[in-house]
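Participant: Before we start, here is the structure in question, set down as structure tokens.
The values are calculated or read from the model by the stated rules, or taken from the named source; none is laboratory data. Note that the structure is predicted; figures quoted are calculated from it, not measured. Counting neighbours? That spans all protein chains shown, and the Cβs are built from the backbone with ideal geometry, glycine included.
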Amino acid sequence: MSVTSLTQDATEERRASLYVIPAADPEKERLQTQYAFKKMLFGWNEPIPHSVDITNLNNILDVAAGTFAWTLDIAAMPKVRRRVAKPNDDSGYNVDGIHLFACDIETKFFPDKDVTGQLGITAFQHDATQRFPADLHDKFDLVHVSFLFLCLTQEGWKSALRNCYEVLKPGGTLLIDEADPVMYSEMASAPAEDAVGHDLDKCLSAPGWLGNANRIYTAFALENGFFVDMTFRLSNLLREAGFEVADTKRVVAPSGRACHTLRPDLTEHGFEEFSVENITSIFEHLAAALFAKDKLCNNEGTAVTSLEEMKNMVAGVKEGLRQEGGFSFGRYCVARKTQA
Ligand SMILES: C[S@@+](CC[C@H](N)C(=O)[O-])C[C@H]1O[C@@H](n2cnc3c(N)ncnc32)[C@H](O)[C@@H]1O
């Protein structure tokens, strides 16, 4: 199957999406701002960390690209922009130029064709848990994956990483950043970087709004069979898929009041309120999905039985974040496909 025929499999592939946030305008805007927020969290002033060298790249793929925030950002880098290859009528893409590809299981977020056309971006629909078409195997110098932690089951992740490996050239680079759906309010109770993982029972039964936050965030991930501890496991998952990990960093992602103490730069750049709105708008969708399955409980383990109770639960979390602040953890990894 070639890239061009992929869109015909749209209906079949959409069924595989476990992402519960609807592909509508608010989500499009949220993803755009979240991208800028994430770059600041990781301390990147470019779409890549310093450990990724883009000097001699030809083919770049953004997997689960959403709004193409990363694809468009990398296309705007001067080093990339001057080498972006555009297709010509007879001979296809200039082999010495940079050719950008971006895919997602959902096409509603894709930029207009005139935007992608200007930059020579090949946009296509694809479920990352399925193998890419054979004409893409061993093709890419750089593959990017970001924020799929609320989308893929543990098995789905193993397939997705294998599929990314398969499309990279030997020596090619995977840049991936993910987060753990577990929230804390005090550093003293959060796990050290070399811990085995989160103490989930403690997190789910934490008093007040914090426990309720995890009864939404963590419980949703557990209910769906997602990883809740990617920041601890990502390096090993990558090694199991055949990669060598060249660079990795864990970061604290504060929300609300915690920005003041943990990352004042976020407050200075106007991200404090976004850090609350962003996570609580996600919580609204996750709570509704759990509620619909009769699986939403409060921090004492009592089932939430009305929509009003559910709304109050999210509102309480929002207030807690604004007044006291909370944080979670994220991690990026730069991994290389071992040379054949
Ligand atoms: C949180 S968004 C992240 C989007 C983008 N990577 C970013 O960082 O802005 C998750 C994206 O993953 C997509 N997605 C969910 N399941 C997928 C799958 N199995 N294969 C490919 N994309 C998937 C969703 O449609 C959505 O666009």
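Participant: I need the helices (runs of 4 or more DSSP H) fully contained in the range 1-113, keeping only those with at least 2 residues that are at pLDDT below 90 and assigned by TED's automatic domain parsing to the domain that holds TRP157.
Facilitator: In the range 1-113, the matching helices (runs of 4 or more DSSP H) lie at 10-14, 25-42.
Participant: Name the residue, out of PHE132, PHE149, that is part of a loop (DSSP other than H, G, I, E, B) and over 21 Å from THR248 (Cα atoms).
Facilitator: Answer to the check: PHE132.
Participant: Here is a check on your reading of the model: is ALA303 surrounded by fewer than 22 Cβ atoms within 10 Å (Cβ to Cβ) and modelled with pLDDT of 95 or more?
Facilitator: So ALA303 fits the description; yes.
Participant: Out of the helices (runs of 4 or more DSSP H) lying entirely within the range 178-275, which hold 1 or more residues that are touching a His at 6+ places or on another chain (Cβ under 9 Å)?
Facilitator: Passing ranges, in order: 208-224, 230-240, 264-268.
Participant: Which of the following residues is touching a helix residue (DSSP H, G or I) at 6+ places or on another chain (Cβ under 6 Å) and at negative phi: GLY316, GLY325?
Facilitator: GLY316
Participant: Just the residues that are of a type in the set (A, V, I, L, M, F, W, C) and under 19 Å from ARG336 (Cβ atoms), please, taken from the range 45-69.
Facilitator: Listed by number, the residues that qualify are ILE48, VAL52, ILE54, LEU57, ILE60, LEU61, VAL63.
Participant: In the range 126-134, is there at least one residue being of a type in the set (Lys, Arg), within 23 Å of ARG336 (Cα to Cα), in contact (Cβ under 8 Å) with a residue 24 or more places away in the chain and surrounded by fewer than 23 Cβ atoms within 10 Å (Cβ to Cβ)?
Facilitator: yes
Participant: Restricting to the range 23-48, give me the number of residues that are within 16 Å of the chain's Cα centre (by Cα), over 24 Å from GLY256 (Cβ atoms) and more than 10 Å from the ligand (Cβ to nearest atom).
Facilitator: 2
Participant: Could you please let me know if THR116 is under 19 Å from the mean Cα position of the chain (by Cα) and either within 16 Å of the ligand (Cβ to nearest atom) or within 20 Å of ASN58 (Cβ to Cβ) (or both)?
Facilitator: When the stated conditions are applied, THR116 does not pass them.
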